[in-house]
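Participant: Can you keep this structure in mind? I'll have questions shortly.
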Amino acid sequence: MSMFFYRLIDSDARLRGGLIDLPFSNPLSAITYLERQGSTVLFVNPLPPWAATITQKTIKFFQQPITRAELGEALVNVSVMLRAGVPLLGALEDSIADHDNPTLSRLGKEIIMRVEGGSSLTDAVASYPDVFPSSMIFLIRLGEESGSLERTIKDAGEHLKRMDRIMKDTRSALIYPAFIFTAIFGAMAFWLIIVVPVLQDLFRQQELKLPEMTLVVMAIGDFLAHYVLYLVGGIVAFIMFLATLIRNFKPIRRGFHFIMLKLPVVKRIVSSYNLAFITEYLSLLLTAGVDIFKSLDTMGQSLHNEIYREKLVVVRNHLVQGIGLRESFKMASLFPNFMVRMIGVGEQSGTLSEQLGFIANEYRLSLDDLVKNIGKIIEPIALAVGGGLFMIMIVALFTPVYQLIQKM
């Protein structure tokens, strides 16, 4: 993509100018595109690379994001229009370029420009890897080469919509525990910062001999009262620093994923999401006619969890050695027996893609049930943690109060 500064007279005889982001590097191509819109171009000048990069990053930062659900729905609509006999460019224009999301609409117009310029649809969407996953690009290429573009686009769109549902369920399941424990520790901080200092002054005035537990609680309250802003800032900075390390360094990311798979409730959420993703992905690619080796390679590029990605490499290596698919998944030692057995049934009966689709649906339902019942799962843990902390607080503060009442 290149940024151009332009000045033109539009079809309504109005003088217009500004910046435009076009998939051309040649100003003549930009002029041709603008004139095709019915305008009289006065001049078009490309921005320097550094200025274009800053402008594009600024626009990207403020633009409305494209959700998986929106992209999936748009792709399904393209498929429906192709099946009805609408040409590809017309389907892209009506389904994506005219979308209510301005970012997706602009993306659709850029894809149309690339296709009009002679690019295949695969090459056009491959220019936006941050929007189109590698699996979607692979399916579109497969559809163009096999002449079944409408079917593969529909499969890609429906897959994106299902994955969007899985992602939303996963976030909902993870947000609730985070909210509960944030509320518990927030209430504790309120007591330590607001209530404890008042009681501390009272105890000092009465010259009471305080228990060790009370002294510890008061020391924590003093520390928070003086350094709470620094502590909050440090926690935020640490989270941002850790997020950067996880995003950019594979060993740190692997360690984080390993810990996530060991935590009691989080483990179930993360494993349900990844197993649903893997089986859904494999079912999609195998149904499209992709062989198992290519399917595993393509899926490995889209899977974010390093632990499951490593296990899929183990599965592929076992397949290369001539071991069956069921045994390969079993030897990877991370996949549950239910999944391994169902893969074995599909392998023996020749219905592997259908069985994988069934497994994916089961894990989606499991994740949905988990979201609905997450409160019941978290409640005992929250009661134990919150109750324990407040019991310590009550014993530490009310023991001196009882002494004070006896003294009075």
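Participant: Can you pull out the helices (runs of 4 or more DSSP H) entirely within region 1-90 that have at least 2 residues that are among the charged types (D, E, K, R) and under 24 Å from ARG151 (Cβ atoms)?
Facilitator: It comes to 68-83.
Participant: Taking only region 124-148 into account, find how many residues are assigned to a helix (DSSP H, G or I), surrounded by fewer than 19 Cβ atoms within 10 Å (Cβ to Cβ) and without any contact (Cβ under 8 Å) to a residue 24 or more places away in the chain.
Facilitator: Pass one, region 124-148, residues assigned to a helix (DSSP H, G or I): 124-126, 134-146.
Next cut, surrounded by fewer than 19 Cβ atoms within 10 Å (Cβ to Cβ) only: 126, 134, 141, 144-146.
Narrowing further to those that are without any contact (Cβ under 8 Å) to a residue 24 or more places away in the chain: 126, 141, 145.
Of the residues in region 124-148, 3 are assigned to a helix (DSSP H, G or I), surrounded by fewer than 19 Cβ atoms within 10 Å (Cβ to Cβ) and without any contact (Cβ under 8 Å) to a residue 24 or more places away in the chain.
Participant: Give the residues of region 16-29 that are among the hydrophobic types (A, V, I, L, M, F, W, C) and closer than 12 Å to VAL41 by Cβ, sorted by residue number.
Facilitator: Of everything in region 16-29, those that are among the hydrophobic types (A, V, I, L, M, F, W, C) and closer than 12 Å to VAL41 by Cβ turn out to be ILE20, LEU28.
Participant: Also, quick follow-up: Name the residue that is farthest from SER105 (Cα to Cα), counting only residues in region 46-68 that are among the hydroxyl-bearing types (Ser, Thr, Tyr) and touching a residue at least 24 places away in the same chain (Cβ under 8 Å).
Facilitator: Step by step, filter region 46-68, then rank; the result is THR55.
Participant: Let me ask something else about it. Which residue out of SER271, SER333 is under 24 Å from the mean Cα position of the chain (by Cα) and of a type in the set (Ser, Thr, Tyr)?
Facilitator: Going through SER271, SER333 in turn, just one is under 24 Å from the mean Cα position of the chain (by Cα) and of a type in the set (Ser, Thr, Tyr): SER271.
Participant: Do we find a residue being under 23 Å from MET136 (Cα atoms), of a type in the set (D, E, K, R) and surrounded by fewer than 17 Cβ atoms within 10 Å (Cβ to Cβ) anywhere in region 349-356?
Facilitator: Yes, the conditions are met somewhere in region 349-356.
Participant: Considering every residue within region 30-37, establish whether at least one is of a type outside the set (Ser, Thr, Tyr), crowded, with 16+ Cβ neighbours inside 10 Å and touching a Pro at 6+ places or on another chain (Cβ under 6 Å).
Facilitator: no
Participant: Taking interchain pairs and intrachain pairs at least six residues apart, which have beta carbon atoms under 6 angstrom, with the first residue in region 168-185 and loosely packed, with under 15 Cβ neighbours inside 10 Å and of a type in the set (S, T, N, Q) and the second assigned to a helix (DSSP H, G or I) and at pLDDT 80 or above?
Facilitator: Between residues of region 168-185 that are loosely packed, with under 15 Cβ neighbours inside 10 Å and of a type in the set (S, T, N, Q) and residues that are assigned to a helix (DSSP H, G or I) and at pLDDT 80 or above, there is no close pair.
Participant: Got a sec? Which helices (runs of 4 or more DSSP H) wholly within region 257-367 have at least 3 residues that are within 30 Å of ASP130 (Cα to Cα) and in the same structural domain as ILE166 (by TED's automatic domain parsing)? Steps first, answer last, please.
Facilitator: Working: elements: 264-287, 292-302, 306-320, 325-331, 337-349.
Where helices (runs of 4 or more DSSP H) fall fully within region 257-367 and carry at least 3 residues being within 30 Å of ASP130 (Cα to Cα) and in the same structural domain as ILE166 (by TED's automatic domain parsing), they are 264-287, 292-302, 306-320.
Participant: What pairs come out if I take residues in region 290-319 that are more than 22 Å from ARG141 (Cβ to Cβ) and modelled with pLDDT under 85 and pair them with residues that are in a helix (DSSP H, G or I) and of a type in the set (S, T, N, Q) whose C-beta lies under 6 Å away, six or more apart or interchain?
Facilitator: none
Participant: For region 100-123, which residues satisfy the criterion of being at pLDDT 85 or above and either in a loop (DSSP other than H, G, I, E, B) or in contact with a Phe, Trp or Tyr (Cβ under 6 Å, 6 or more places away or on another chain) (or both)?
Facilitator: Answer for region 100-123, where residues must be at pLDDT 85 or above and either in a loop (DSSP other than H, G, I, E, B) or in contact with a Phe, Trp or Tyr (Cβ under 6 Å, 6 or more places away or on another chain) (or both): ASP100, ASN101, SER120.
The values are calculated or read from the model by the stated rules, or taken from the named source; none is laboratory data. Just so it is clear, the model here is predicted, and its values are computed rather than measured. Methodologically, a virtual Cβ is constructed for each residue, glycine included, from the backbone with ideal geometry; neighbour enumeration extends over all protein chains shown.
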